Structure formats: structure tokens, C-alpha cells
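Below: one structure, written as C-alpha cells.
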Amino acid sequence: MIIYKKVIDISIFLKNKRRSKQDIGFVPTMGALHKGHLSLLENSLKENSLTVCSIFVNPTQFNDKADFEKYPTTIEDDIAALEAVGCDVLFLPSVEEIYPDNLSPEPYDLGSLETLLEGKYRSGHFQGVCQVVDRLLDIVQPTTIYLGQKDYQQCMVIQKLIQLKNSNTTVFICPTAREITGLAMSSRNIRLSQHGKEAAVAIYNSLLFIKGNSNYLSLADLKNKVETKLLQSGFDSIDYVEIADGTTLESISDNTSSSSKVALIAAFIEGVRLIDNMVIS
Ligand code: AMP
């Protein structure tokens, strides 16, 4: 695996690859890699002649400075894991490489995606996500970008960004990789105690409960029951339990007719904010 730290170096390398008509698959990450990230890489490796992974903990998408500072970094293990799956290129830039002084990004028009759900609780988060993904897409110019359904709203935001930029890059969304217990894999799980990890499975069980009962209970009832269950299971606080239209993420009420529905949860346990979702129809 070749590791590039400078934009100029990876750009020259990829320009040559594009000239020889190679398909480039791209997996952007913030590191502390787990099997969820690796499943994205495996999809890319299957479908492209060249796979690029980036590891960059993007400061502009953290609205909470402490969360940024506590974000786990395990770079040596990450490199070993990438080598083991056969990743071709790792892009490992510094903040200065991604955000040089002469770069002044315009705000992205994300519509209501920016203020709903994650946007409501993490002000500015999706502008930061767009800044970094826009820059990375400019540098890598991939044929396909691989994203995880675990970050459902982020997938929609990046699809919107690609549309706003008239980019040719295709988006491939990979299913959420879970522990055997059902807990969605996340770099943030490293910060949980064993007990916390066991208790955190309540998010997955809540999503299953919503999916299994959405035809029998009112949506308000479902949300109330799930919120109570999460707090009883050891969650400290809940940002949202929402049932939303899968294409707009607008909240659904019992009378809304919507062909695709998704349940989404964000909640804190042991001071760690976890998110998960499940398509329910
Ligand atoms: P992150 O490093 O958290 O920014 O995630 C990088 C990419 O991996 C994003 O597209 C995430 O949605 C995806 N990802 C994170 N966790 C999982 C998971 N458990 N299953 C599948 N994809 C994931």
C-alpha cells in the first residue's frame, strides 16, 4: 500500500491512473478503523482496479471541541488493517493540506437536510462534512465513493453535495456492520466500557421493536416506549428517536403516507453519543 500525505503527490499518482482508464474506488474515513470501514473497502476492492482510503479527522465537522479532542486515533493498527485487506492507497493528509489558507469554501445549500435530526443537534456539522468531502472528491476524483448506511443522513448529504457539484462520482451505500449483539460498529464504541457496550445494544433492539410494531402501535406510542426503554437500559440522554420519510428525512405522523420509512436514534451512553438507524419499509 502506498501512503501519501501531500495533495500534490497523490494528485500526480491518480492523474496517471485516470489516464490509463482505471476505476478508482474511494473510502473516506476518520480512522480508528473497524469491520464496518473494512466492509466498505471490500466492496471497493471488488469493483475497482484501484482503491483509495483516506484517514482524516476533520475538525470542521465537530461542533463539540471535546468530542474532536477525544476522537480515537489508532493509526498503526489502521495501516495494518488496510494492508491486510489489500487497500492500494492510503491518503493521510494534515489539516494544512486539506484546508490551505487560500481555500475559502462557500456554504452548501443542503435545504432541510441541514437542520433536521443530526443537523438540529450538531449545528454546522454537515457544512463541515461537505467541506471535507468536497475537497477529498476534488483531490481523488473517484469513479465511486463508498459510504455506510450507519450514517444515513450523511449519505443523503453527500448525495446532495455530488448533485450540487454536478460530479460524475457514483455513490455506493453499504449496509451497517454490526457486532454479533446487534450494536452498530463505530469508532466511538472504543470509549465504552464492557458494560456500556452491552447496554448500548438497546439502540438496535429499539430499532427492531419499531420495525416490528410500526403497523400496530401509533408512532407517538412507539417513540415513547423506546425512549423509556433506552433510559431504563442505561442511556444518559436521548437526542432523538424519530420515524422519518426515507427520502426526505421529514418526520412522519400516523397519517403521513410514505412508501419508505426509516427509524433513526441518537442517544448518549457513558458520555458517548451513538447513532443508528433501520429502514422499516
Ligand atoms: P467515519 O470514520 O466514522 O467517518 O466513517 C467512515 C465511513 O464508514 C462512513 O461512510 C461511515 O458511514 C462508514 N461506517 C462507519 N461505521 C460503519 C458501520 N458500522 N457499518 C458500515 N459502515 C460504517
Any idea which residue in region 186-224 is most open to solvent (accessible area, probe 1.4 Å), counting only those that are part of a loop (DSSP other than H, G, I, E, B) and within 23 Å of S257 (Cβ to Cβ)?
Y216
Filter result for the condition that a residue is acidic (D, E), open to solvent by 30 Å² or more (accessible area, probe 1.4 Å) and in contact with a helix residue (DSSP H, G or I) (Cβ under 6 Å, 6 or more places away or on another chain), over E227, E270
E270
Here the residues within region 90-122 that are out of contact with any helix residue (DSSP H, G or I) (no Cβ under 7 Å at 6 or more places or on another chain), under 19 Å from V57 (Cβ atoms) and either at pLDDT below 95 or not small (G, A, S) (or both) are L92, E96, Y99, P100, L103, R122
Of the residues in region 91-124, those that are assigned to a helix (DSSP H, G or I) and within 17 Å of L264 (Cα to Cα) come to S112, L113, E114, E118, G119, K120, Y121
Selection from region 80-91 of residues that are more than 16 Å from K46 (Cβ to Cβ) and either crowded, with 19+ Cβ neighbours inside 10 Å or not assigned by TED's automatic domain parsing to the domain that holds P59 (or both):
V89, L90, F91
Would you tally the residues in region 129-150 being assigned to a loop (DSSP other than H, G, I, E, B) and of a type in the set (S, T, N, Q)?
2
Would you confirm whether any residue within region 98-109 is buried (at least 18 other Cβ atoms within 10 Å of the Cβ) and either without any contact (Cβ under 8 Å) to a residue 24 or more places away in the chain or within 30 Å of T248 (Cβ to Cβ) (or both)?
yes
I need the full set of residues from region 40-59 which are within 13 Å of the ligand (Cβ to nearest atom) and of a type in the set (V, I, T), in order please.
I55, V57
Is region 233-244 home to any residue that is open to solvent by less than 30 Å² (accessible area, probe 1.4 Å), under 29 Å from I145 (Cα atoms) and within 13 Å of the ligand (Cβ to nearest atom)?
no
Subset of region 188-224, residues among the aromatic types (F, W, Y) and out of contact with any Gly (no Cβ under 7 Å at 6 or more places or on another chain), comes to F209, Y216
Scan I162, I145 and give me the residue that is assigned by TED's automatic domain parsing to the domain that holds I12, touching a Ser or Thr at 6+ places or on another chain (Cβ under 8 Å) and away from the ligand (no atom under 13 Å from the Cβ).
I162
Residues (under 23 Å from the mean Cα position of the chain (by Cα) and among the β-branched types (V, I, T)) located in region 8-59
I24, V27, T29, T51, V52, I55, V57
Would you call S123 in contact (Cβ under 8 Å) with a residue 24 or more places away in the chain, under 30 Å from R18 (Cβ atoms) and among the polar types (S, T, N, Q)?
no
Being more than 13 Å from Q61 (Cβ to Cβ), open to solvent by less than 10 Å² (accessible area, probe 1.4 Å) and assigned by TED's automatic domain parsing to the domain that holds F13: is that true of V140 here?
yes
Scanning region 4-32 for residues that are within 11 Å of the ligand (Cβ to nearest atom) and in contact (Cβ under 8 Å) with a residue 60 or more places away in the chain, which turns out farthest from Y146 (Cα to Cα)?
A32
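Condition check ((1) surrounded by fewer than 14 Cβ atoms within 10 Å (Cβ to Cβ); (2) not in a helix (DSSP H, G or I)) across all residues:
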| residue | (1), (2) |
| --- | --- |
| I12 | yes, no |
| K21 | yes, yes |
| L33 | no, yes |
| G36 | no, no |
| L41 | no, no |
| K46 | yes, no |
| V52 | no, yes |
I'm trying to understand the selection: among the residues of region 174-232, which are within 14 Å of the ligand (Cβ to nearest atom) and hydroxyl-bearing (S, T, Y)?
T176, T181, S186, S187, Y204
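The values are calculated or read from the model by the stated rules, or taken from the named source; none is laboratory data. Predicted, not measured: the structure shown is a model, and the values here were computed from it. Ideal geometry is used to build each Cβ from the backbone, glycine not excepted, and the neighbour counts take in all protein chains shown. Each accessible area value is taken on the protein alone, full model and side chains, heavy atoms only, with ligands, DNA and RNA left out. Shrake-Rupley method; radii C 1.70, N 1.55, O 1.52, S 1.80 Å.
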